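**Q** What follows is a single structure, and I will ask about it in a moment.
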Amino acid sequence: MKKLAFIALFFATVISAVAQPANRVLSLFPKGTILYDNIPYANDTLKKHQLDIYLPSTGKSSYPVVIWIHGGAWMLNDKYADMSYMAQTVKGFIDSGYAVASIDYRWSTSAIFPAQIQDCNQAVEFLYQNAAKYKLDRNRLALIGFSAGGHLANLMGLSGNNNVTDFYPDGKKPHFKIRLVLDFYGPADFFILKGHDSADPKNPITLLLGGRVSAKAELAKQASPVTYIDKNDPPFLIVQGEKDDSVNPDQSVSLNYKLNKAGVKSEIIVVPGAPHYGVMFDAENIRAKVFQNLREYLK
């Protein structure tokens, strides 16, 4: 009898495990959130060429879109990353009537730059071209990125006015336009980024560029979002930890200064005592600024 009970318990455990949803962050979203997951955006079978779409359950014909770009030093994590410590912000997007699209991109360990920005541009172009299918408003697109994802969001937002053919997988400029960039501690200038000229072959910047910045100066310039600043760029909200030991705070301070100098609307929040990432960035005052910017620029 005990043996039968054990077997029954074993199979119940297995069935329960199999039944668990593959999307490990769906529980962070409000109940009833509609999920389209693991959508291939590049017409191939690469796992890193997939995205997820989360929709409110209010039944509207279309929703403005917040596009989530994860961090991880360009060589770690996936489209679920950073959400767990930003849970209230994530929930707020859906509650406030925004769709969320979270994208994966190739790691630097398998493809050096500009593969990552090519993937991001291709993913957003897919969303633009398939907007009607997924009830997305393709004319109201915002980016939110964290660390390496912040760098990619910055780069996509700022290079949009420049026809940088290397940034597009087919060499053709995409059709979408970014209306707002929400940058959480994203690198902006590789020439002043902490550790930018490290001799360590496993250094994230060295891996991304395929060599040290001093040896890859042209590529480093191409990969630096500040290279593309002009007066026609989208507005920015920049959030930076005061005690960030990975992305030195003057990256964000300098980016904000250069944007304002060029006539671009930009604001920076330096979070006192905050490290590189964590729940301190999900604070009420930061959320208030995030949603204020969304209301203003995605209206």
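The values are calculated or read from the model by the stated rules, or taken from the named source; none is laboratory data. On a predicted model such as this, the values are computed, not experimentally measured, just so you know. Please note: Cβ atoms are built from the backbone with ideal geometry, for glycine as well, and neighbour counts cover all protein chains shown.
**Q** Looking only at the stretch 262-281, filter to residues that are of a type in the set (V, I, T) and in contact with a Ser or Thr (Cβ under 8 Å, 6 or more places away or on another chain); which one of those is farthest from R179 (Cα to Cα)?
**A** Filtering the stretch 262-281 for residues that are of a type in the set (V, I, T) and in contact with a Ser or Thr (Cβ under 8 Å, 6 or more places away or on another chain), the one farthest from R179 (Cα to Cα) comes out as V270.
**Q** May I pose another question? What's the number of the condition G278 fails, among (1) on the phi < 0 side of the Ramachandran plot; (2) of a type in the set (G, A, S); (3) touching a residue at least 60 places away in the same chain (Cβ under 8 Å)?
**A** Single failed check for G278: (1).
Per-residue answers, yes or no, for (1) within 26 Å of N121 (Cα to Cα); (2) among the polar types (S, T, N, Q); (3) surrounded by 13 or more Cβ atoms within 10 Å (Cβ to Cβ):
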residue: V25; (1), (2), (3): yes, no, yes
residue: P40; (1), (2), (3): yes, no, yes
residue: T45; (1), (2), (3): yes, yes, no
residue: G59; (1), (2), (3): no, no, no
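**Q** A further question on this structure: Kindly indicate which of A215, A188 is in a loop (DSSP other than H, G, I, E, B), within 19 Å of the chain's Cα centre (by Cα) and of a type in the set (A, V, I, L, M). It would help to see each step written out before you state the result.
**A** Working: A215 fails: within 19 Å of the chain's Cα centre (by Cα).
The unique qualifying residue is A188.
**Q** Find all pairs meeting these conditions: Cβ atoms under 9 angstrom apart; at least six residues apart or on different chains; first residue within the stretch 129-142 and without any contact (Cβ under 8 Å) to a residue 12 or more places away in the chain; second residue buried (at least 18 other Cβ atoms within 10 Å of the Cβ) and among the aromatic types (F, W, Y).
**A** These pairs meet every condition: N130/Y41.
**Q** Filter the stretch 120-177 for residues that are assigned to a helix (DSSP H, G or I) and acidic (D, E) and give the result.
**A** Hits for the stretch 120-177 are E125, D166.
**Q** Listed residues I205, I178; which is modelled with pLDDT of 95 or more, closer than 18 Å to N154 by Cβ, crowded, with 21+ Cβ neighbours inside 10 Å and within 21 Å of the chain's Cα centre (by Cα)?
**A** I205
**Q** Return the residues of the stretch 137-154 that are closer than 18 Å to I205 by Cα and either in contact with a Ser or Thr (Cβ under 8 Å, 6 or more places away or on another chain) or among the charged types (D, E, K, R) (or both); say none if nothing qualifies. Show your work before the answer.
**A** Residues of the stretch 137-154 closer than 18 Å to I205 by Cα: 145-154.
Result: S147, single match.
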